[in-house]
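For reference, the structure is listed below as structure tokens.
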Amino acid sequence: MQVQQLVVGELSTNCYLVVSEDTNRAAVIDPGGDAPLILSAIHKAGVTVDYIVDTHGHLDHVLAAADVQAATKAKIAIHKLDVPLLTNDPTGLADWLGVKLPIFVPDLLLDEEDELRVGDITLRVIHTPGHTPGHITLLTAGAAFVGDVLFAQGIGRTDFPGGSYQQLMESIRTRLLTLDDATIVYPGHGPATTIGAERRQNPWL
Ligand SMILES: [Zn+2]
Ligand SMILES: [Zn+2]
């Protein structure tokens, strides 16, 4: 598995291009803007994109989903509980950016323990609510794509409608801190980290 981090959009969101090198299949996680940059990375890698996966429905994680889909024909997947966010943006970003909702209609509605196969990679869906009701983390061998649940030295905001600090902390405690210390954490913003580093140093935990 090869992971390319692209920083996209007004809020410097991490979009990840996850590549199965043996099969040249790929997934795009959180295409939050700058579709040309994402498409150029896909083109350079020479891969076929099977899935566009949104860790959650906030606009800064989905803004380029339709453009990436138009160019790749990949299926867009999001947890069912975040579908309302696609038509009713609680962050105010849609107004700020002058974007009309919805940007896309999802092809796949995800739920706990669903699995997405990308070549020889399996992305396992776990439900990690708190930042949004339908926030997911994608687990694969040795890595977790955690969106806005956990950051290096930080945790996700819970002050938007539908957010819950209690739920967020429970998601982190029961679903993320139970992972191996060596697990690489790919967050929605900022640098990558590991479960072990956050367990030891994250002031919020
Ligand atoms: Zn968010
Ligand atoms: Zn975000």
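Bear in mind that the values in this text are calculations on the coordinates, not laboratory data. Just so it is clear, the structure is predicted and the values come from calculations on it, not from any experiment. Quick reminder, even Gly has a Cβ in these numbers, built from the backbone with ideal geometry, and neighbours come from all protein chains shown.
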inquiry  = Bin width 5 Å, origin at 0, all Cα-Cα pairs of region 76-134: what percent of pairs per bin?
reply    = 4, 16, 23, 20, 18, 10, 7, 2, 0
request  = Output the antiparallel fraction of DSSP beta bridges having both residues in region 77-197, as a percent to the nearest 5.
outcome  = 70 percent
message = Cut-off is 10 Å between beta-carbons; in what order do Ser164, Ser20, Ser40 appear when sorted fewest neighbours first?
response = Ser40, Ser164, Ser20
task = Kindly work out what percent of the DSSP beta bridges joining two residues of the chain are antiparallel, to the nearest 5.
result = 65 percent
query = Any number yet on Rg/Rh for region 1-102, C-alpha, Kirkwood?
reply = 0.97
ask   = Looking at region 158-205, what % of the alpha carbon pairs are farther apart than 18 Å?
value = 33 percent
ask   = For the chain, what's the relative contact order in percent, using C-alpha pairs closer than 8 Å and at least 6 residues apart?
value = 16 percent
task = May I have the convex hull volume per residue, in Å³, for the Cα set of region 90-205?
result = 123 Å³
Centroid-to-centroid separation of region 6-65 and region 125-180 [C-alpha atoms, Å] = 20 Å
ask   = Hey, can you rank 77-86, 60-69, 113-122 by average C-beta count inside 10 Å, highest first?
value = 60-69, 77-86, 113-122
query = Normalized C-alpha radius of gyration of the chain, against 2.2 N^0.38 Å?
reply = 0.93
